[in-house]
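J.: The structure follows.
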Amino acid sequence: MKMCIALVSANMYRIPYPVYPLGISYLTSYLSIHLPDCKVKVFDFNLGTYDSFAAFLERDEFDLVGISLRNFDDSTHAYRTNLFIAHYREIMRIVRVHTSAPVVLGGAGFSVFPELIFNELNPDYAILGEGEAALKELIVALSDSSDPTTIHRLAWRDAAGDFRINSASGKRPGANYISCPELHVENDWAEYYWESSGMLNIQTKRGCPYNCIFCSYPLIDGRAVRTLDVKTVVANIEELYFAKGISYLFFTDSIFNIHRDYNEELARRLIESRAEICWGAYFAPHNLTVGDLELYRQSGLTHVEFGTDSLSDRQLERYNKQFRMSDIREQSMCCSRLGIFYAHFLILGGYGETDETLDETFAHSRELGLTVYFPYIGMRVYPDTQLCNIALREGLIRSPADLVDPVYYLSKEIDPATIEPRAKATGQRWIFTDDEPSPVMDQLRRRGKKGPLWEFLRYS
């Protein structure tokens, strides 16, 4: 099969730093193995412009253009949100002008708002969730001139113009998921992101089994947790280290510490590996022992980003979290004793928040040692979440279609203007989304420091 495929990373958002387009690299690596005669060309909007994209499309006769949408907006603030839909429309306009190839959309941004984005951008196809196997099947179907509309998780429009997404009906659990994705990064991309971001990303798991009322991760990766083949993951890490000199990685799993047995094997293999890397990940402050953390530290763990959300037990219960303040305190102190940097990401003013629960969070923030707090004010409402149902019930939205323009849930029981001064009054290190970027970070990056670097903000 000789086809020419364009894969495009549409993301241009660089705050706090540009993020390597991991999904494109997984797709490219998968196609190189399973469709070796297929020529794949890639384009990244963090490295290119609209004009260079048009020139990219003109250089080859493409048979399919795949566009990955990482985000729909920056999801950072209830009062100031950057929308990306105009950028995506311009990409689609350029594609339609410069090639007649069919267009398939994918990525996390599409998976959260599938019908809304499909109607806005009008592609030929789109893929919901994990894309490797479905994209391969779509390419084969187009090459054979066969019907692609039976492919699992494919979105399309029928003859009547109605939007369709193929479900998993009749398929075994986990059908069309893969367990051993290869990762071979683009040389130019690796150099750019390593220099500008100080890290690259990699996955060890896909899927999230939890039921947090606001979270979109189950929409993106599904609820079934799939651990990726640990030997392949470590082999990919060794390639990044020895071939490209990448010595800091961030595991992009929705929550790293979902599967303890798998993590133990991964950590032991990293210790045995010749690759001397440091790494960080998103953690939940439970399902974790000091022994686990010590093993991870030996394997290179330096940074833990806790998805804590609140330091009030009442709010944690409302958010449907699986842990409480006692767990948060215990895990923070474990990290502190082991010399692992840790930060807490919080949602202030979300569903059920009161001045009393805010006071609990601010008081408890003094109990967690030398850390950094990254708070978000309000909860972004996503379709097909419990929070979406709450927003419908309370009249915040009339239908999920209203969410094409970002909607935030803010508790009516609090005055959001008081949140930042109350947080800063605790004497702890709070970094709000509208704070000016710290010059310390830029200085350290220019000096060659790698990793997230937020640990240096604890003192600034």
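J.: Test A141 against the criterion of being farther than 29 Å from I15 by Cβ and open to solvent by less than 40 Å² (accessible area, probe 1.4 Å), and give yes or no. Before the answer, list the steps.
T.: Working: farther than 29 Å from I15 by Cβ: yes; open to solvent by less than 40 Å² (accessible area, probe 1.4 Å): yes.
Yes, satisfied.
Residue-wise test of (1) of a type in the set (K, R); (2) buried (at least 20 other Cβ atoms within 10 Å of the Cβ); (3) free of Cβ contacts under 8 Å to residues at least 12 places away in the same chain; (4) closer than 23 Å to Q203 by Cβ.
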residue	(1), (2), (3), (4)
R260	yes, no, no, yes
R269	yes, no, no, yes
L295	no, no, no, yes
Q298	no, no, no, yes
Q331	no, yes, no, yes
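J.: Which condition breaks for R172 when tested against (1) of a type in the set (D, E, K, R); (2) open to solvent by 40 Å² or more (accessible area, probe 1.4 Å); (3) modelled with pLDDT of 90 or more?
T.: That leaves (3) as the condition not met.
J.: Restricting the search to the range 21-45, which residues are open to solvent by 10 Å² or more (accessible area, probe 1.4 Å), touching a residue at least 24 places away in the same chain (Cβ under 8 Å) and in a loop (DSSP other than H, G, I, E, B)?
T.: P21, L35, D37, C38
J.: Regarding Y409, is this residue open to solvent by 80 Å² or more (accessible area, probe 1.4 Å) and of a type in the set (F, W, Y)?
T.: Numbers: open to solvent by 80 Å² or more (accessible area, probe 1.4 Å): no; of a type in the set (F, W, Y): yes.
Spelling it out, it is not the case that Y409 is open to solvent by 80 Å² or more (accessible area, probe 1.4 Å) and of a type in the set (F, W, Y).
J.: A further question on this structure: Y248 passes all but one of (1) farther than 21 Å from L338 by Cβ; (2) touching a Lys or Arg at 6+ places or on another chain (Cβ under 8 Å); which number fails?
T.: (1)
J.: Out of A267, A281, which single residue is of a type in the set (A, V, I, L, M, F, W, C) and not in a helix (DSSP H, G or I)? Break it down into steps so the answer makes sense when it comes.
T.: Details: A267 fails: not in a helix (DSSP H, G or I).
Exactly one of A267, A281 is of a type in the set (A, V, I, L, M, F, W, C) and not in a helix (DSSP H, G or I), namely A281.
J.: Only residues that are surrounded by fewer than 13 Cβ atoms within 10 Å (Cβ to Cβ) and touching a residue at least 40 places away in the same chain (Cβ under 8 Å): list them for the range 425-453, please. Reasoning before the result, please.
T.: Filtering the range 425-453 down to residues surrounded by fewer than 13 Cβ atoms within 10 Å (Cβ to Cβ) leaves 425, 427, 434-437, 439, 442-443, 446-448.
Within the range 425-453, A425, G427, D434, P437 qualify.
J.: Which of the residues belonging to the range 333-351 are over 26 Å from the mean Cα position of the chain (by Cα) and either crowded, with 22+ Cβ neighbours inside 10 Å or assigned to a helix (DSSP H, G or I) (or both)? Show your work before the answer.
T.: As a first pass, look at the range 333-351 and keep what is over 26 Å from the mean Cα position of the chain (by Cα): 333-334, 336-339.
If the condition is that a residue be over 26 Å from the mean Cα position of the chain (by Cα) and either crowded, with 22+ Cβ neighbours inside 10 Å or assigned to a helix (DSSP H, G or I) (or both), then M333, C334, S336, R337, L338 are the ones that fit.
J.: Consider A363 carefully, then state whether it is in a helix (DSSP H, G or I), at pLDDT below 95 and aliphatic (A, V, I, L, M). Before the answer, list the steps.
T.: Working: in a helix (DSSP H, G or I): yes; at pLDDT below 95: no; aliphatic (A, V, I, L, M): yes.
Taking the combined requirement at face value, the residue does not satisfy it.
J.: Suppose we filter the range 102-111 for residues that are in a helix (DSSP H, G or I) and open to solvent by less than 10 Å² (accessible area, probe 1.4 Å); how many remain? Spell out how you get there, then give the answer.
T.: Going through the range 102-111, the residues in a helix (DSSP H, G or I) turn out to be 108-111.
Applying the additional criterion that residues be open to solvent by less than 10 Å² (accessible area, probe 1.4 Å) yields 109-111.
Residues meeting the conditions: 3.
J.: List the residue pairs whose Cβ atoms are under 7 Å apart, where the first residue sits in the range 90-101 and is touching a residue at least 40 places away in the same chain (Cβ under 8 Å) and open to solvent by 10 Å² or more (accessible area, probe 1.4 Å), the second is part of a helix (DSSP H, G or I) and of a type in the set (S, T, Y), and the two are 6 or more positions apart or on different chains.
T.: Listed pairs, sorted by first residue: E90/Y50.
J.: Another one. Can you tell me which of T361, T371, T354, T385 is touching a residue at least 24 places away in the same chain (Cβ under 8 Å), crowded, with 18+ Cβ neighbours inside 10 Å and out of contact with any strand residue (DSSP E or B) (no Cβ under 9 Å at 6 or more places or on another chain)? Walk me through it before giving the result.
T.: Details: T361 fails: out of contact with any strand residue (DSSP E or B) (no Cβ under 9 Å at 6 or more places or on another chain); T371 fails: out of contact with any strand residue (DSSP E or B) (no Cβ under 9 Å at 6 or more places or on another chain); T354 fails: crowded, with 18+ Cβ neighbours inside 10 Å.
Result: T385 is the single residue among T361, T371, T354, T385 that is touching a residue at least 24 places away in the same chain (Cβ under 8 Å), crowded, with 18+ Cβ neighbours inside 10 Å and out of contact with any strand residue (DSSP E or B) (no Cβ under 9 Å at 6 or more places or on another chain).
J.: Among the residues of the range 122-133, how many are at pLDDT 95 or above and farther than 15 Å from D158 by Cβ? Can you show your working first?
T.: Within the range 122-133, the subset at pLDDT 95 or above is 122-127.
When the remaining residues are screened for being farther than 15 Å from D158 by Cβ, the result is 127.
Final tally of qualifying residues: 1.
J.: Okay, moving on. Check P209 against each of (1) closer than 28 Å to F250 by Cα; (2) open to solvent by less than 20 Å² (accessible area, probe 1.4 Å); (3) of a type outside the set (A, V, I, L, M) and name the one condition it does not meet.
T.: (2)
The values are calculated or read from the model by the stated rules, or taken from the named source; none is laboratory data. Just so it is clear, the structure is predicted and the values come from calculations on it, not from any experiment. Note: ideal-geometry Cβ built from the backbone for every residue, glycine included; neighbour counts use all protein chains shown. Just so you know, the surface numbers come from the protein's heavy atoms only, side chains and all, with ligands and any DNA or RNA stripped out. Shrake-Rupley method; radii C 1.70, N 1.55, O 1.52, S 1.80 Å.
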